[in-house]
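Each remark here refers to the structure printed beneath this line.
All of the numbers you see were taken from the coordinates with simple rules; none came from a lab. Just so it is clear, the model here is predicted, and its values are computed rather than measured. For neighbour counting, all protein chains shown are included, and Cβ atoms are generated from backbone atoms with ideal geometry for every residue, glycine included.
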C-alpha cells in the first residue's frame, strides 16, 4: 500500500482514498496547517486527484494533494498539444508537514513521491504555487530543482519542474531545432 520513504526511520508515504482508514488521520493535519480550502478544491477540468499521506509510526504527520490536468486548462487556455498528444501536468494544490516534524526530510520525500507518481501518470511537469514569504517551501522547491516564476496576478510564486520522458517527448531536431 505504501513505500518506505527517505532517510526518516519508520516513514511511509501512502496514496490515500476517501474510503481508506488513513483518510480520517489526515484531517487534523490539514486543519492545523490551514490547508482545508486547498485540500477540498475541485474543478471540472481535473483529470484525476491524488492524496499522499506521510505516516510516521502509525500517525499522519504530513500530506500532499496533486491533481492531473491538461496543461494550460486551469488558466483558461486551450490544451497544449505536442506531436498529436495533449500534455498533462501534476499540480500540487495542498501540501504540509506538522511543524514539529519539519526539517527531517518528510516534505522532500512527499514532493519526490509526487514527482515519481506524476511521471508514472505521464505528466510532462509538476507545478505548484506558494505565497511570497513562505521561505521554507521556497528552499525545498529550489533545492529539488524547480524553476521559479513570480505571478503577475497575485502575491505568489509558481514553481515548475519538467518531467521529461525520452519515449514521450524526445526531440529529433525537426522544427525549431
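In the Gaussian network model of the chain, springs joining C-alpha atoms below 10 Å, which of 61, 29, 81 carries the largest mean-square fluctuation? For the chain, modelled as a Gaussian network with Cα springs under 10 Å, the answer is 81. Placing dummy labels 7 Å off each Cα toward the beta-carbon, the span from residue 121 to residue 42 is 1.7 nm. Per residue, the convex hull spanned by the Cα atoms of the chain measures out at 143 cubic angstrom. Averaging the sequence gap over all C-alpha pairs within less than 8 Å and six or more residues apart, then dividing by the number of residues, gives the range 1-114 a relative contact order of 28 percent. For the chain, modelled as a GNM whose springs connect Cα atoms under 10 angstrom apart, the maximal fluctuation among 12, 70, 59 occurs at 59. Dividing the summed helix terms, -39500 (n - 2.57) for each DSSP H run of n ≥ 4, by the number of residues in the chain produces a 222 nm estimate of -6500 deg cm²/dmol to the nearest 500.
GNM remark for the chain: springs join alpha carbons under 10 Å apart, and the peak mean-square fluctuation among 75, 89, 24 falls on 75.
Peptides 38-51, 118-131 ordered by packing proxy, namely the average of other Cβ atoms within 10 Å per residue, highest first: 118-131, 38-51. Averaging the sequence gap over all C-alpha pairs within less than 8 Å and six or more residues apart, then dividing by the number of residues, gives the range 11-56 a relative contact order of 72 percent. Beta bridges per DSSP, both residues in the chain: antiparallel share near 90 percent.
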